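Q: Can you read through this structure? Questions will come right after.
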Amino acid sequence: MKVFVGTLKGLFVIEKDSDGWRVVPPVFNGLSVYAIGRGAGRWWSAPGSEWTGTDLSWSEDEGRSWHLSEGQIAFPESSGGALRRIWQITEDSDGRLFAGVEPSALFTSDDRGATWSLCEGLWNHPHRPEWQPGFGGQAIHTIAILSKNEWVVGMSTGGVYRTEDGGVTWSPSNKGILAPFMPDPDVEFGQCVHKFAVTPGNTSDMFLQHHWGVYRSNDAGRTWNNVGADKFPSDFGFVCVSNAPKTSFVIPIKADIERVFPEGRMRVFRTTDGGDSWVSLENGLPQSDVYDCVLRDSFHVDGRCLAFGTTGGNLYFSGDNGENWSRIAESLPRISCVRVAA
Amino acid sequence: MTVRIWLHSVLAGRTAGEAERTVAGEFATVRAALESCFSEEPRVLSGMIDEQGVLRPHIAIFIDGERVSGAGALDAILTGDCEIGCFCAVSGG
């Protein structure tokens, strides 16, 4: 059992052995790690800095050693784009790699990362000039590969976009998600989607954390319904994960300026009935004076094992589907992404 | 023309060899000298220059101790033997 933790000062692996959890000395020291992902038989990471940009790296020994990828993600000169940061790395069932990056773009690789191709269909979308960066940056932060040619991505702002022809053409997919920060809240695109998750075993069933509210879709993201109204101490939050049908976990955060846990209490909320009801999971989590936050990619689930990391450098783990939590690392640098390998 | 090139801080760690180099030839600009010097080490160049050929915002170029500022730093004209320093700005936290 281990948890990969990307921070603003390197990549940490937190391992569990017979003596409990231990922090392995970090790699990529001093570099920001915004993405950790699994694909093509490897773990992938993207350490970077404001000085020298981002370098894609991989590991074939569960994170013990890392190698600079022979192929790096770069925009074609003709695109006019320049890579700022890699936010997401995943794969499809055939081992094809997908990377979501900042500025908002999608790259794919069919040769285990030796070469990468820009998804021109999304990059050249006529909406792109109107996408505006949220506080975190204008990036593709969520990728869901529903089938060989049906992909769904999320960005903030811009919202959800989907393709059904393998990336050639894309359409906004935000119907039902209200954007109160826009003159007309019921807009086709421009939503501030923070994260979405597909439920295992049913690619039509999705949950989504918006800047305002938690939503669910029963039709693979074509339409959305608010399933969180008045059910949380705050409708704002960054994370959204799922590990079973009709099930999702979210972590409310106090909006808009403070961005800390509401009422100073660290709580995870879980639904197992499609969002009709939500249970607050608190056992083992601090319930007073918490001025901390969890960013969009810092919550991950593998089976019944869950882990989330905070901007204050604390890492929490649950091995029983969120019923009980324990802090397994503290005083890490600001945590930007988490991956559990149960 | 002989140009000495110094890579500092994080940039030095991206080289396959020494952080101080000397390259001889005719180089009209800083960009030409850097591209010639590091033609076999693309990580050095990509650490300073993005895909669009633009100097990364937190990289600073000095010629004979004088900073060549702004987006045009890579296109600064070289007129003879000189020393180019490539620095990482003191930024971050």
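Each value in this text was obtained by applying a stated rule to the coordinates, not by laboratory testing. All values derive from a computational prediction rather than experimental measurement. Glycine gets a Cβ as well: all are built from the backbone with ideal geometry, and neighbour counts include every protein chain shown.
Q: Could you give P(r) for region A:1-89, binned at 5 Å from zero, as whole percent values over all Cα-Cα pairs?
A: P(r) for region A:1-89, in whole percents per bin: 3, 14, 24, 23, 16, 10, 5, 3, 1, 1, 0.
Q: Pick out, from B:19, A:331, B:77, the residue whose Cα sits farthest towards the positive end of the charge dipole of the protein assembly as shown, with +1 on the Cβ of Lys and Arg and -1 on the Cβ of Asp and Glu.
A: Highest projection toward the positive end goes to A:331.
Q: For A:44, A:87, what's the fewest-to-most ordering of other Cβ within 10 Å of each Cβ?
A: A:44, A:87
Q: With an 8 Å cut-off on Cα pairs and a minimum separation of 6 or more residues, tell me the relative contact order of region A:41-126 in percent.
A: In percent, rounded to a whole number, it is 20.
Q: Hey, how much of the P(r) for region A:189-241 falls beyond 17 Å, as a percent of Cα pairs?
A: Tail of P(r) above 17 Å: 30 percent of Cα pairs.
Q: Under a no-solvent Debye model with one identical scatterer per Cα of region A:99-241, what's log10 I(q)/I(0) at q = 0.12 Å⁻¹?
A: With one equal scatterer per Cα and no solvent, log10 I(q)/I(0) is -0.45.
Q: What percent of all Cα-Cα pairs in the protein assembly as shown falls in each 20 Å bin, counting up from 0?
A: 25, 54, 19, 2
Q: In addition: Principal axis extents for region A:201-342, Cα atoms only, whole Å, descending order, please.
A: So the extents along the principal axes, rounded to whole Å, are 42, 35, 24.
Q: Would you mind giving the mean number of other chain beta-carbons within 10 Å of the Cβ of each residue in A:52-60, as a whole number?
A: 3
Q: With all distinct Cα pairs included, what does the Kirkwood hydrodynamic radius of region A:146-226 come out to in Å, to one decimal, could you say?
A: By the Kirkwood definition, the hydrodynamic radius is 12.5 Å.
Q: Something else: Show that you can apply the helix-only estimate: for chain B, add -39,500 (n - 2.57) for every DSSP H stretch of four or more residues, divide by all residues, and state [θ] at 222 nm to the nearest 500.
A: After summing the helix terms and dividing by the residues of chain B, the value is -4000 deg cm²/dmol.
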